[in-house]
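The values are calculated or read from the model by the stated rules, or taken from the named source; none is laboratory data. Being a predicted model, the structure only gives us computed values, none of them experimental. No Cβ is skipped: glycine too gets one built from the backbone with ideal geometry, and neighbour counts run over all protein chains shown. Accessible surface areas use protein heavy atoms only, side chains included; no ligands, DNA or RNA. Shrake-Rupley method; radii C 1.70, N 1.55, O 1.52, S 1.80 Å.
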Amino acid sequence: MVNDSMGHTVGDELLVAAAGRLTALAGGSTPPSRGQAPGPHGQEPPEGALGRGQGTAARIGADEFALLVEEADGDAAVERHAQQIVEAFAEPFILTGGPVIATATVGVATTEDSTDAGDLVRHADLALYAAKAAGKRQWRRYRPVLSAGIARRRELKAAIEDAVNGSAFTLAYQPIVVLATGEIAGFEALVRWPHPRWGMINPDQFIALAEETGYIVPLGSWVLRQAVTDLVAWQRHAGGRAPLYASVNVSARQFRDPGFVARVRAVLSESGLAPSRLQLELTESVLLGRDDRIRAELAELKDQGVRLAIDDFGTGYSSLSYLRELPMDVLKIDKSFTEGIASSQGRLALVEVIVRMAKTLGLTVTAEGIESEAQRELLISLGCETGQGYLLAKPVAADEAQALVRSGLLPPLHAGTG
Ligand code: C2E
Ligand code: MG
Ligand code: MG
């Protein structure tokens with residue numbers, strides 16, 4: 001992402017800086033100085049923090065590093081080391097392109113469960129996959145069951161290819177609701193993969209893999225076309241109702257695909273949907289950096305009248321500058337923020353500030369993950385216009401969504417069967 005948005009020179013700088021932090025931890029290139037206190041703000045790892053022996057740090061792949069820690073002092077020390085590596089990346093890297101937050105995800109293997117060097121690296125790799133699956137900023141230790149997990153991943157990867165080619169996906173639709181009135185304003189299209197053997201697979205299990213393999217590009221195009229086609233058909237049948245919008249998630253890789261804007265234009269003209277009835281949800285990672293092409297494309301979409309939303313606001317970089325500089329229309333507050341507002345004053349204050357800031361910048365706010373009446377009422381009182389969540393409606397199948405469009409309103413506290 002840094003290569004794409006800030007250029008390869010800055011990407012190289014990041015690799016060098018990351019290597020520096022790891023080398024400092026390993027006590028590799030500089031002589032380990034034991035017993036030294038951490039830096040003034042505790043930001044720099046103490047040199048040679050890992051183990052008593054001399055460590056070795058190496059870059060072994062594009063963005064993969066290996067640390068060999070000799071004479072680690074038992075299980076507790078192994079865990080402490082893994083945690084120290086994760087924490088060594090807590091502070092942003094200050095590069096010529098600006099500050100960059102890079103996270104470290106760590107897989108740990110020890111000679112207790114590995115017989116030779118090859119084994120050790122292979123096991124660390126398996127543990128790394130497990131850590132990545134658990135989310136960023138994690139570490140995991142190798143366990144023998146992980147070998148089965150990697151086989152599953154390989155299987156899933158192959159299956160995605162077939163599924164994309166055989167259009168095996170479906171869409172669920174979650175209503176986006178005007179909080180004060182219960183009216184439906186639009187629908188977010190959420191991709192599903194009903195697999196003949198594995199059952200219903202949710203996007204959390206395959207979107208990242210589809211991004212890695214590039215299949216997200218054809219998959220995302222299909223989602224866009226299908227969601228727009230469905231909405232147009234529902235509205236035609238419902239007649240006379242207030243127009244709704246389709247909200248479609250666009251991943252970073254998909255947005256960076258050179259054909260993306262042209263595809264949006266084609267889908268709109270083929271379907272006849274007014275551009276203002278299409279909302280594209282972008283995550284903060286798409287907006288990262290000062291990429292002129294991204295900026296121009298956002299402006300072009302905006303000029304056509306397409307609504308642009310920031311998805312999962314608060315979970316990524318949450319940079320105020322891009323909110324001011326980029327032509328966004330909607331800010332979607334992540335459900336991790338909505339979750340706490342009824343129980344934590346701090347969370348409530350945070351969401352209040354986000355809503356006020358969004359309004360100052362002329363953005364509409366949609367809260368995600370509303371699960372209780374108390375949350376709904378608080379959000380209304382803060383001035384948040386629209387929301388989504390299991391309290392209002394779960395994601396539903398296309399035919400149920402069509403029935404909702406016909407009636408225009410959700411039944412009181414409707415809970416679908418997504
Ligand atoms: P998202 O765009 O933030 O979508 C909201 C997710 O929260 C959905 O999960 C939705 O089912 C879930 N959700 C909605 N209301 C509630 C609630 O009240 N409580 C809780 N706990 N969850 C709620 P889902 O469908 O599993 O999608 C997960 C993520 O996968 C989406 O997060 C989105 O980032 C991604 N995704 C889904 N469809 C697509 C797609 O077509 N393209 C791309 N690129 N990403 C997609
Ligand atoms: Mg979304
Ligand atoms: Mg979201």
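Residues of the range 56-153: accessible area per residue at 1.4 Å, in Å²?
Accessible surface, normalised per residue, equals 58 Å².
Would you work out if the range 97-165 is rounded, prolate or oblate? Take a ≥ b ≥ c from the square roots of the eigenvalues of the alpha-carbon gyration tensor; rounded if a/c is under 1.5, else prolate when a/b is larger than b/c, oblate otherwise.
oblate
Keeping all protein chains in the complex and leaving out DNA, RNA and ligands, what accessible area do you get for residue 70 with a 1.4 Å probe, in Å² to the nearest 10?
Using a 1.4 Å probe on the heavy atoms, I get roughly 90 Å².
How many Å³ per residue does the convex hull of the Cα positions in the range 260-339 occupy?
Per-residue hull volume (Cα only) is 90 Å³.
Out of the total accessible area of the chain (probe 1.4 Å, heavy atoms of protein only), what percent is carbon and sulfur?
Using a 1.4 Å probe with all protein chains present, the chain comes out at 53 percent carbon and sulfur.
Given 20 °C and 1.002 mPa s, compute D for the chain with the Stokes-Einstein relation, Rh being the Kirkwood radius over Cα pairs; round to the nearest whole µm²/s.
90 µm²/s
Could you work out how far helix 345-360 tilts from the main Cα principal axis of the chain, as a 0 to 90 degree angle to the nearest 10?
Orientation of helix 345-360: about 60 degrees from the principal axis.
With axes computed from alpha carbons, what is the tilt in degrees of helix 146-165 against the longest principal axis of the chain, rounded to the nearest 10 within 0 to 90?
That works out to roughly 40 degrees.
Compare 204, 257, 75 by solvent-accessible area with a 1.4 Å probe and give them largest first, with all protein chains kept in place.
Largest to smallest exposure gives the sequence 204, 75, 257.
State the answer as a single residue: which of 194, 244, 182 lies farthest towards the positive end of the charge dipole of the range 138-284, with beta carbon charges of +1 for Lys and Arg and -1 for Asp and Glu, about the Cα centre.
Among 194, 244, 182, the one farthest towards the positive end of the dipole of the range 138-284 is 194.
Over 25 Å between Cα atoms: which of 332/394; 136/157; 136/302; 157/302; 132/157; 132/359 fall into that group?
Violating the 25 Å Cα-Cα cut-off are 136/302; 157/302; 132/359.
What length, rounded to one decimal in nm, is gained on full extension from residue 162 through to residue 356, with 0.36 nm per residue of separation minus their alpha-carbon distance?
Here the segment from residue 162 to residue 356 would lengthen by 65.2 nm.
Count the net charge of all other residues whose Cβ sits under 14 Å from the Cβ of residue 271, scoring Lys and Arg as +1 and Asp and Glu as -1.
Net charge in that neighbourhood comes out at +3.
Rolling a 1.4 angstrom probe over the protein heavy atoms, how many square angstrom per residue are accessible across the range 156-407?
42 Å²
Tell me, what ³J(HN,Hα) does each residue in the range 324-331 have, in order and in whole Hz, if you take phi through Karplus 6.51 cos²θ - 1.76 cosθ + 1.60 with θ = phi - 60° and put x for Gly and Pro?
Result, ordered by residue: 7, 8, 9, x, 7, 10, 9, 10 Hz.
Please give the Cα centre distance for the range 255-306 versus the range 103-157, rounded to the nearest Å.
Taking the Cα centre of the range 103-157 as reference, the centre of the range 255-306 is 38 Å away.
Within 13 Å, Cβ to Cβ, of residue 148, how many net charges do the neighbouring residues add up to if Lys/Arg are +1 and Asp/Glu are -1?
Summing Lys/Arg as +1 and Asp/Glu as -1 gives +3.
Find the Cα radius of gyration of the range 138-295, compare it with 2.2 N^0.38 Å by division, and give the number to two decimals.
1.19
Accessible area of residue 350, 1.4 Å probe, to the nearest 10 Å²?
Approximately 80 Å² of residue 350 is accessible to the 1.4 Å probe.
How much accessible area does residue 136 have with a 1.4 Å probe, in Å² rounded to the nearest 10?
150 Å²
Quick one: compute a quarter of the convex hull surface over the Cα atoms of the range 228-298 and quote it in nm².
5.1 nm²
Using the C-alpha atoms of the range 177-270, what convex hull volume per residue, in cubic angstrom, is computed?
140 Å³
Could you rank 321, 407 by how accessible they are, 1.4 Å probe, largest area first?
So, going from the largest accessible area down, we get 407, 321.
By the scheme Lys and Arg +1, Asp and Glu -1, what is the net charge of all other residues having a beta-carbon under 14 Å from that of residue 306?
0
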